Ligand code: ADP
Ligand code: ZN
């Protein structure tokens, strides 16, 4: 059986009165601790240890639905692919602790009518709020009425409120008979083709359509067909906080909310959703990448929305790329996978070109809404004023947009006020004490923060080095600084800032998005949070403050990612009745990425990019793995990285580069060295890595080695 730990499967004895089968949840001892684990295989082979030393399973959890066979296979495959132990993958599959214990009922209070003999203003407020007859969670009622919980308890004692059990969450019943959208001829063709791809067995379809072309409407057809067969459907989204619009559309199309799965769920709800999926009650699930590890017994289709999004790559613990693992899950379960995007990844495009994936294109926006007109602003020709970041061309365009009563969006992929702070007197630049990174000024929170370890210090009055007063100057812009500039230019407009540090909770973000959608805001200033899949009907202008930011990275996907991101950002404009416009500020207007965006010639850019990858045997023509060594001392990290490089076996078509100090040389006080393994597609990267690691001494002391197959981060 397998425990959710970084260990292989272990053998256990099954007591005579127990009947186990693979997938069953059981409790078993390990050393002095009892663990919940899963029966993995039936143990037909002889155990690897002396049978007398084997320990017995303690208990079977018969009331918990077992993991389906396909989940066990999936865990094994993911573990092999990512070079992790299956136990760590199982741990992801079991990350819903409450699913394994009987549900604890929750109680709420409800108004029953008898007024209390003693009335106070606080009590009156509670009665007014509770008058709607709903069953309230005590704390929520107290908060809504602005009273202390004691007031509620008092009303329960007085018999005015009664306590009763709250109904537990359950998946809503879907209704497949609701009216569907009338598809355009192009959409109808796409839907027909998609349905034939998804009618049975394993297939991967790349649904490649410009922003606003109705990809969602098209894949809804495949989901509807799957649900009609009684099977389950899963939609993955890169950023789950952004799905409220999608959930509303599901409700319209399928007459009920889908089950949601993401890290923001409460522990009891996580448990309920896990069980509902395992019991085949939850038919339609929308979730973050981790939803792929839910125990679907009868999954019929997986949709990966915005498939190019790098949010699908998990970087902690088990490093996996959820889009790729969705394809693996599809092949193991013999089901259809749909990858949807307006800017597909080079990987998926090459797979489609080679015939491994089917390719469906949507070229027109719905109702012939035109794609936004996009132009580059050459910042060399029209530079902003000193200490400002918006060129007069962009400022004018914003002014015109506002005058027409339409909305504008300004995009800059940098949180905070300024990325660097310098002392004008002595030249000191504020650096993180734990990382090789500058501290970022956050003016709203009045502090300098490290974006890598979270350390912060209040913005000092005097320079800590030379003691000069008022000598600190911010260098470069973050979105807070752009906000300041906009406020000075357009003092009367309603602005909103959108970034992960300013809108940290899912509900806050959803509320802000609603305000934008309902046009309670005139200008949106945001980081990449604004790029993803929103539908803002009033948005007419999308301005990119600094298009060159992402192009400087030493990352093989820098151009591709910048293209995708900026295409998404500019694609937010003009999605409804209003024509849209995109303006891109750049100092490199001749760069192929900027040219492709401005001319709308995506295919020429992609062809060039694909050719460069081919020449350099970069993914998807070759494969990469990153080995990251880190330690509290630079010497320890470097010497282990060197010993690792020395132990690398020689192999055909596999090349080991490094070690080299990582671009981010220190994070959280840990020194970092990188090795990069490049292999031909067919060369067997995993087998090579396994052989290599088995021949290398394990890291000692505080040295850590992290293996990242198909890396997306090179910092
Ligand atoms: P995409 O996913 O390609 O960006 P969407 O599916 O979100 O596009 O469609 C963009 C907008 O157009 C949405 O508001 C959607 O409701 C609307 N839309 C698309 N196709 C249709 C259709 N056939 N009938 C009605 N509305 C549609
Ligand atoms: Zn730091």
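All of the numbers you see were taken from the coordinates with simple rules; none came from a lab. Worth saying up front: this structure is predicted, and the values here are computed from it rather than measured. Neighbour counts are summed over all protein chains in view; Cβ atoms, including those assigned to glycine, are modelled from backbone coordinates with ideal geometry.
DSSP beta bridges fully contained in the chain are about 50 percent antiparallel.
Segment residue 444..residue 143, full-extension length gain: 105.6 nm, with 0.36 nm per residue of separation and the alpha-carbon distance subtracted.
Helical runs assigned H by DSSP (4 residues or longer) give the chain a calculated mean residue ellipticity at 222 nm of -9000 deg cm²/dmol, each run adding -39500 (n - 2.57) before division by the residue total. With 0.36 nm allotted per residue and the present C-alpha distance subtracted, the residue 607-residue 686 stretch has 25.5 nm of extension available. The radius of gyration of the Cα set in region 647-687, together with its Dmax, comes out at 13.1, 38 angstrom. The calculated FRET efficiency for residue 386 paired with residue 642, based on their beta-carbon distance and R0 = 41 Å, is about 0.30. Relative contact order of region 386-463, taken over Cα pairs closer than 8 Å and 6 or more residues apart, is 18 percent. Reducing region 163-210 and region 62-102 to their Cα centroids gives an inter-centroid distance of 27 Å.
Ordered by the number of other Cβ atoms lying within 10 Å of each residue's own Cβ, fewest first, 392, 694, 436 fall into the sequence 694, 392, 436.
Extending 7 Å from the Cα toward the beta-carbon at both residue 175 and residue 634 defines two label points whose distance is 6.7 nm. Neighbour counts of other Cβ atoms within 10 Å put 308, 553, 451 in the fewest-to-most order 553, 451, 308.
With all projection directions averaged, the alpha carbon convex hull of region 1-79 covers 5.5 nm².
Taking every alpha-carbon pair under 8 Å whose residues sit at least 6 apart, the chain reaches a relative contact order of 11 percent.
Expressed as a fraction of 2.2 N^0.38 Å, the value expected for a compact globular protein of N residues, the C-alpha radius of gyration of region 478-553 is 1.12. Protection proxy ranking, highest mean first, for peptides 164-176, 309-321, 517-529: 517-529, 309-321, 164-176, where packing is the per-residue count of other beta-carbon atoms within 10 Å, averaged.
Counted over the chain with a bin width of 20 Å, the fraction of Cα pairs per bin, in whole percents, is 15, 43, 35, 7, 0. The reciprocal of the average 1/r between distinct C-alpha atoms defines the Kirkwood hydrodynamic radius, which for region 128-230 equals 18.4 Å. In this structure, residue 317 and residue 73 have a Cβ-Cβ separation that, at R0 = 25 Å, corresponds to a calculated FRET efficiency of about 0.75. Of all DSSP-defined beta bridges confined to region 1-109, some 90% are antiparallel rather than parallel.
Among beta bridges from DSSP that stay inside region 207-355, the antiparallel ones total about 10%. Across region 581-619, the residues whose backbone nitrogen lies under 15 Å from the label position 7 Å along the beta-carbon direction of residue 552 are 586-588. Were the residues from residue 373 through residue 192 laid out at 0.36 nm apart, the gain over their Cα-Cα distance would be 62.1 nm. Ordering 588, 325, 685, 134 by the number of other Cβ atoms within 10 Å of each residue's own Cβ, fewest first, gives 134, 588, 685, 325. Model label sites at residue 199 and residue 599, defined 7 Å from Cα along the beta-carbon direction, differ in position by 4.1 nm. Set the Cα radius of gyration of region 29-147 against 2.2 N^0.38 Å, with N its number of residues, and you get 1.89.
With Cα atoms defining each centre, region 435-475 and region 508-585 are spaced 29 Å apart in the structure.
Apply 1/(1 + (r/R0)^6) to the Cβ-Cβ distance of residue 520 and residue 132, taking R0 = 25 Å, and write down the FRET efficiency to the nearest 0.05.
It comes to 0.45.
How would you classify region 231-316 from its alpha-carbon gyration tensor, with a ≥ b ≥ c the square roots of the eigenvalues: rounded for a/c under 1.5, else prolate if a/b is greater than b/c, otherwise oblate? Rounded shape, in that the Cα axes give a/c under 1.5.
For region 1-112, the relative contact order comes to 33 percent (Cα pairs under 8 Å, sequence separation of at least 6).
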